[in-house]
Amino acid sequence: LIVKNPWVKNLTYKFSLNGTYSHSIYNLDVGPKIFADTRTTANMDNFNNFWGLAYANATATNVRTWIMDQILTYTASIGSHHVDAMAGFSRDAYRYNTLRADGNGFNMPNPLRWNGINLASTQKVFKGESRYQNLANIFRLNYNFDEKYYFTGTFRRDGFSGFAPGNKLGNFPGASVGWVISQEKFMGNVKSVDFLKLRLSWGQTGNQSISPYETLATVGLDYTVYGSTSALALYPNRMPNADLSWSTTTTENIGVDYRLFEGRLFGSLDLYKSMTRDQLLTRTIPILNGFSTVRTNVGRVDNKGVELVVSAIPVKGIDKKQFNWETSLVFSKNVNKLVDLYGTLDASGNPKNDISGAPTSDAYMIGKSIHSVYDFTMIGIVQKEDVEYINTYKARAGDVKFLDYNNDGKINSSDYHYQGDRDPLFVLNFNNTFTYNNFSLYFSFKWNAGNSNHYLGKDRYGRMASLAIANGSQLKNVEPWTAENHSNLYPRAEWVNSQGYWFWNTRAFAKLKDLTFSYTFDKASLEKVKLQNLRLYVSGNNLFTRSTWTGLDPEDGGTIAANPGSIFYGSYPVLRTYSIGAIISF
């Protein structure tokens, strides 16, 4: 709904209300056949012997959302002065609820599958619900003089229902100025510059990335035993923190927009740095508190980076019957550093790190990336001739060979040390479009750069043959170390990863993301068949990837699963797709 004020010229009010509702049903039936050892004929002859292991579940989920926006805008121009102002109010809500029934083990055949959960030996019901709301008051003022000098001021006051009373609201101002240098008189004789604008900006944004109830104490459900009987037990399983509030990022940016040589070369360059305070992190605390972790606002992370966009028309056809080539290069590099964490010092007087979550999750190390990796260093596979290593560390040929970082003659968690980080060195996108007559060819490359210390990913079962092969989920051709195959990458199939090493390796890749070839018919020929537009195309996505990553697709860090039902370690590979289609307008 848009309403123009009849009494105040150029004043407009806009109201919008949108909502969604989704209802989904998920049913799962795992019958007795999957539990039968097919190597035994007797098992194959009578699957009914395994109904005690079968299980089923049924889940119904509802999600409801709505968002309401009210925006008041005013524009005015007086001579060379141009102003537009905006004031807005936004509110949104999310509500989720689910009901799940589980049935495990059946004393008789269950042909009803998930409809027969009531026949299961063990039956469980789970009911879950979550809801939250956000609101925002938004103000913005734009001013420019003669389309040469620009100023923008903004202010947001955001609220999140998940924070405790007194901490729900956060204030986030911002401002920017711009100077169109190409409009100045002294640029009149510079014919090669069509447009040149210098930008400076400063602003703050907020982050409320927690679940709606993380400020509250919660309880868990368990069972306990009294003599010969068991009973339900409730216990506190999360420490409350009513002081949780917004994390704030302050960003400074200097940028240039340009267009040169009659539009043949154009793009932008941005240099930025930001400082994030009061991050919403999970902090490890002494277990004497009754809890091992607490969600809290801590620390400071600094980011600095560059973003460069270069677009060009190297070959420009006078009309569509001539060859035309358009290309663009997008480069970005970001470096982050943890400056402060808990404000505490270690025994040497240095800022104290938090490596308690490593190597499973990120290590928080002062002066390093917030995504630091802290684990063993694998230096190869033990070979028969490594007699000293075998005797010192009681290893066998074919075991993983670890670096004894502290040189104490033992391999244990005290040998964990900084390996690098999970951040790419830089990201590069290269896009091209060629046209000739009615034909068009478009392709796009992407390069995420990394090395042995940067853009690391963990893929335990991509390099380890034992559990993966035993569970039938090994998707890659792993050739483990054997007496005949002296691999220096893959351990022997019987090796047990007792140290819990994650097999870190780089996810660096170069990928042909998109390739499309199309033909667009002339409008004159389409008039005969009453069509406005007709375009035929063939395209492909993810056509090839070059990478040494041991998992599935390096772009999303997909890994080999630990077993057929694993969703913790595993992921779906990115598919290569081909399509043929037509775009038709009547």
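The values are calculated or read from the model by the stated rules, or taken from the named source; none is laboratory data. What you see is a predicted model, and the numbers here were worked out from it, not measured in a lab. With ideal geometry, Cβ positions are generated from the backbone for all residues, glycine too; neighbour counts draw on all protein chains shown. Ligands, DNA and RNA are excluded from the accessible area calculation, which covers all protein heavy atoms including side chains. Shrake-Rupley method; radii C 1.70, N 1.55, O 1.52, S 1.80 Å.
Are any residues in the stretch 1-44 over 38 Å from the mean Cα position of the chain (by Cα), open to solvent by 90 Å² or more (accessible area, probe 1.4 Å) and either at pLDDT 75 or above or among the basic types (Lys, Arg) (or both), and if so, which ones?
Answer for the stretch 1-44, where residues must be over 38 Å from the mean Cα position of the chain (by Cα), open to solvent by 90 Å² or more (accessible area, probe 1.4 Å) and either at pLDDT 75 or above or among the basic types (Lys, Arg) (or both): LYS4, LYS9, ARG39, THR41.
Scan the stretch 105-146 residue by residue and report those that are open to solvent by less than 90 Å² (accessible area, probe 1.4 Å) and either among the small types (Gly, Ala, Ser) or in a loop (DSSP other than H, G, I, E, B) (or both).
Hits for the stretch 105-146 are GLY105, PRO109, ASN110, GLY116, ALA120, SER121, GLY128, SER130, ALA136, ASP146.
Checking GLU307 against (1) over 20 Å from the mean Cα position of the chain (by Cα); (2) assigned to a strand (DSSP E or B), which test does it fail?
(1)
Which ones in the stretch 484-521 are open to solvent by 30 Å² or more (accessible area, probe 1.4 Å), at pLDDT 90 or above and among the small types (Gly, Ala, Ser)?
ALA510
I'm checking my understanding of the structure. Among residues of the stretch 309-325 that are buried (at least 16 other Cβ atoms within 10 Å of the Cβ) and touching a Lys or Arg at 6+ places or on another chain (Cβ under 7 Å), which one is farthest from THR435 (Cα to Cα)?
Checked the stretch 309-325; the qualifying residue farthest from THR435 (Cα to Cα) is ALA312.
For the stretch 394-403: of the residues being open to solvent by 60 Å² or more (accessible area, probe 1.4 Å) and free of Cβ contacts under 8 Å to residues at least 40 places away in the same chain, which is farthest from GLU494 (Cα to Cα)?
Ranking the qualifying residues of the stretch 394-403, first place goes to LEU403.
Going by what's in this entry, would ARG156 be described as under 29 Å from LEU221 (Cβ atoms), open to solvent by 50 Å² or more (accessible area, probe 1.4 Å), part of a strand (DSSP E or B) and charged (D, E, K, R)?
no
Test SER77 against the criterion of being more than 35 Å from the chain's Cα centre (by Cα) and not hydrophobic (A, V, I, L, M, F, W, C), and give yes or no.
So SER77 passes the test.
What pairs can you find where one residue is in the stretch 572-584 and at negative phi, the other is part of a strand (DSSP E or B) and of a type in the set (A, V, I, L, M), and their Cβ atoms are less than 6 Å apart, with a gap of 6+ or different chains?
ILE580/VAL538; ALA582/LEU536; ILE584/LEU534
Taking into account only those residues within the stretch 423-459 that are part of a loop (DSSP other than H, G, I, E, B) and touching a Phe, Trp or Tyr at 6+ places or on another chain (Cβ under 7 Å), which is farthest from ARG535 (Cα to Cα)?
ASP459
Which residues, taken from the stretch 160-169, are assigned to a strand (DSSP E or B) and surrounded by 17 or more Cβ atoms within 10 Å (Cβ to Cβ)?
PHE160
Which numbered condition trips up TYR393, out of (1) in contact with a Ser or Thr (Cβ under 9 Å, 6 or more places away or on another chain); (2) farther than 17 Å from ARG460 by Cα?
Unmet for TYR393, out of (1) in contact with a Ser or Thr (Cβ under 9 Å, 6 or more places away or on another chain); (2) farther than 17 Å from ARG460 by Cα: (1).
Among the residues of the stretch 79-100, is any in contact with a helix residue (DSSP H, G or I) (Cβ under 6 Å, 6 or more places away or on another chain) and in a loop (DSSP other than H, G, I, E, B)?
First, pick out the residues of the stretch 79-100 that are in contact with a helix residue (DSSP H, G or I) (Cβ under 6 Å, 6 or more places away or on another chain): none.
Looking through the stretch 79-100, none of the residues is in contact with a helix residue (DSSP H, G or I) (Cβ under 6 Å, 6 or more places away or on another chain) and in a loop (DSSP other than H, G, I, E, B).
For the stretch 170-199, name all the residues that are crowded, with 16+ Cβ neighbours inside 10 Å and part of a strand (DSSP E or B). Give the steps one after another, and end with the answer.
Let us first name the residues in the stretch 170-199 that are crowded, with 16+ Cβ neighbours inside 10 Å, namely 170, 172, 174, 176, 178, 180-182, 194, 196-197, 199.
GLY170, PHE172, GLY174, SER176, GLY178, VAL180, ASP194, LEU196, LYS197, ARG199, listed by residue number.
Per-residue answers, yes or no, for (1) open to solvent by less than 50 Å² (accessible area, probe 1.4 Å); (2) over 30 Å from VAL330 (Cβ atoms):
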| position | (1), (2) |
| --- | --- |
| THR224 | yes, yes |
| PRO236 | no, yes |
| PRO240 | no, yes |
| VAL306 | yes, no |
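Kindly provide the set of residues from the stretch 200-222 that are under 30 Å from MET239 (Cβ atoms), open to solvent by less than 40 Å² (accessible area, probe 1.4 Å) and touching a residue at least 40 places away in the same chain (Cβ under 8 Å), ordered by number.
GLY206, ILE210, PRO212, GLU214, THR215
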